[in-house]
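One structure below.
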Amino acid sequence: MSDRGHLSKRVRALKPAATLALTAEAKARQARGEDLVSFGAGEPDFDTPDFIKRAASEALARGFTKYTATGGMPELREAIAAHVKREQGLAYEPSQVLVTVGAKQALFNLCQTLIEAGDEAIIPKPYWVSYPEMVQIAGGHVRYAPCLPEDGFQLRRPALDAAASDRTRLLFVNSPNNPTGAVLDDAALGELAGFVRAHPAVTVASDDIYERMVYGGARFRNLLAVAPDLKERVVLVSGFSKTFAMTGWRIGYALGPKEIIAAMQKVQDQSTSCATSFAQSGALAAMTAPREEVDAVVARMHAEFDRRRSRMVELLRAIPGFTLVEPLGAFYALPSIEALLGRRLPTPDGEQTVTDGESFCKLLLARGVAVIPGEPFGAPNHIRFSFALGMPDLERGIERVARMVAELR
């Protein structure tokens, strides 16, 4: 390291985001002309709806390119509050809404707001890869609450109780879940409510980013649907990336108690300031366009995701050695490959042994398939498939997986 400076301990302790790294590697290989099917992307493959793009384009044309208030355009904050009132029956004032640079920033701001050095956060496992790193950047420690595949990856009270301590300040809840596709049922939400009531120092970060992506009779319900009395203990986080195929627009939001939202805004004051102004105009269109137009767009994407989901479940379950809990939300499947551990694959360089999810994914990459191992999600010996890709590629990619598994000895 140069004597001109050094990296901080907190940065050196951070792990790269496995999902972003694999997606970048897959895109680079495809740009070089390699025949690669990538199941890694955590973003819809659909284009942003035209009415949203038009709103942003019109904002640009009229010169709406300056700063907005850090918390977001007033009319967008009002529209988000109205949306949550309409969809979930929860009343928030615009001052209780913060518009952020993606839902990820809302979660980051929340960690910075609530966690001090030595505090703890509970993260149900498997988890989205960024949760633990956000806690650690804030100086906190992570305690994990395992969600078991034999229980459909539902979050249960005994796991929460085992993870809790007198230093617990924050609990992450992500349903529908990345990477499992699990959707918390009312029984799990009831157990969660009991835990939160028993721990008055704990705030819940409810990551609802996949709220419109539920299938197979499941329905989206967050903690406040079963425990409205806990409204002052919950911060709702969502955004436009998944539902409206707006990943690159980087617009998210949080709703919660005034004191917490105001503190999160102070963090944002000193980091990004406002989200991009004309991107906010696109988000406003998503919130205020005629409901029939919005619902039609969302329904078309939802129907296609459900079609792919059903096909992926069918194909993955047909592979000997794969065990899969059916995903009922988001756009991911997380099969276990534990039955394949110790098996060997003949290669030009000699036999390669499947020792874990990472080794399996490396073998697949050489066969033209990019998937993400479960280890970065806290799910060793699993692999995460996204079905946010076209059906022909989905079928072609899983056929390659099945062919490789058939060659294992």
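Using the beta-carbon distance between residue 9 and residue 150 and R0 = 35 Å, what value does 1/(1 + (r/R0)^6) give for FRET efficiency, to the nearest 0.05? In this case the efficiency is close to 0.35. Coupling constants for segment 229-240 follow from the phi torsions by the Karplus curve (6.51 cos²θ - 1.76 cosθ + 1.60, θ = phi - 60°), and in residue order they are 5, 9, 4, 7, 10, 10, 10, 8, 10, 7, x, 9 Hz; glycine and proline get x.
Phi angles across segment 116-129 convert, under the Karplus curve 6.51 cos²θ - 1.76 cosθ + 1.60 with θ = phi - 60°, into 3J(HN,Hα) values of 10, 3, x, 5, 10, 10, 9, 10, x, 10, x, 9, 5, 4 Hz, Gly and Pro given as x.
When the scattering of segment 65-289 is computed by the Debye formula from its Cα atoms alone, each counted once and equally, what is log10 I(q)/I(0) at q = 0.11, 0.19 Å⁻¹? With one equal scatterer per Cα and no solvent, log10 I(q)/I(0) is -0.50, -1.54. Summing Cβ point charges (Lys, Arg +1; Asp, Glu -1) relative to the Cα centre of the chain gives a dipole of roughly 540 debye. Helix content alone sets the calculated 222 nm mean residue ellipticity of the chain: runs of n ≥ 4 DSSP H residues at -39500 (n - 2.57) each, divided across all residues, give -13000 deg cm²/dmol. If you count Lys pairs in segment 65-289 whose Cα atoms are under 21 Å apart, skipping same-chain pairs closer than 8 places in sequence, the total is 10.
Compute the orientation-averaged projected area for segment 347-409 from the convex hull of its Cα atoms and round it to one decimal in nm². Each step should come with its number before you reach the end.
On the way: hull surface 18.1 nm².
Mean orientational projected area (segment 347-409, Cα hull): 4.5 nm².
For residue 37, nonlocal amide neighbours, meaning residues 5 or more places apart or on other chains whose placed amide H falls under 5 Å from its own, are 369, 370.
Per-residue 3J(HN,Hα) values for segment 361-370, derived from phi via the Karplus relation 6.51 cos²θ - 1.76 cosθ + 1.60 with θ = phi - 60°, read 5, 5, 5, 5, 4, 5, 9, x, 10, 10 Hz in sequence order (x marks Gly and Pro).
A protection proxy built from the mean count of other Cβ atoms within 10 Å ranks the segments 352-359, 56-63, most packed first, as 352-359, 56-63. Among the trypsin sites (Lys or Arg not before Pro) within segment 134-225, those in coil by DSSP and having at most 12 neighbouring Cβ atoms inside 10 Å are 219.
So for segment 65-289, averaging the separation of alpha carbon pairs under 8 Å that are six or more residues apart and normalising by length, what relative contact order in percent results?
Numbers: 434 pairs, mean separation 64.5, N = 225.
After rounding, I find 29 percent.
Look at the alpha carbon pairs under 8 Å that are at least 6 residues apart: their mean separation over the length of the chain gives a relative contact order of 22 percent. Scanning residues 5 or more positions from residue 202 or on other chains, none has an amide H under 5 Å from its amide H, with H placed 1.01 Å from N in the peptide plane. With a Förster radius of 56 Å applied to the beta-carbon distance between residue 66 and residue 295, the computed FRET efficiency rounds to 0.95.
Would you tally the net charge around residue 81, using a Cβ to Cβ cut-off of less than 13 Å, leaving residue 81 out, and scoring K and R as +1, D and E as -1?
Details: positive: 77, 85, 86, 258; negative: 75, 78, 87, 93.
My count for the surroundings of residue 81 gives 0.
Rule-of-thumb check for segment 278-409: C-alpha Rg over 2.2 N^0.38 Å?
Numbers: Rg = 18.2 Å, N = 132, 2.2 N^0.38 = 14.1 Å.
After normalising by residue count via 2.2 N^0.38 Å, the value is 1.30.
Any read-out appearing in this document is the output of simple, stated calculations on the displayed coordinates, not a laboratory observation. A quick note: this is a predicted structure, and the numbers were derived from the prediction, not measured. Glycine gets a Cβ as well: all are built from the backbone with ideal geometry, and neighbour counts include every protein chain shown.
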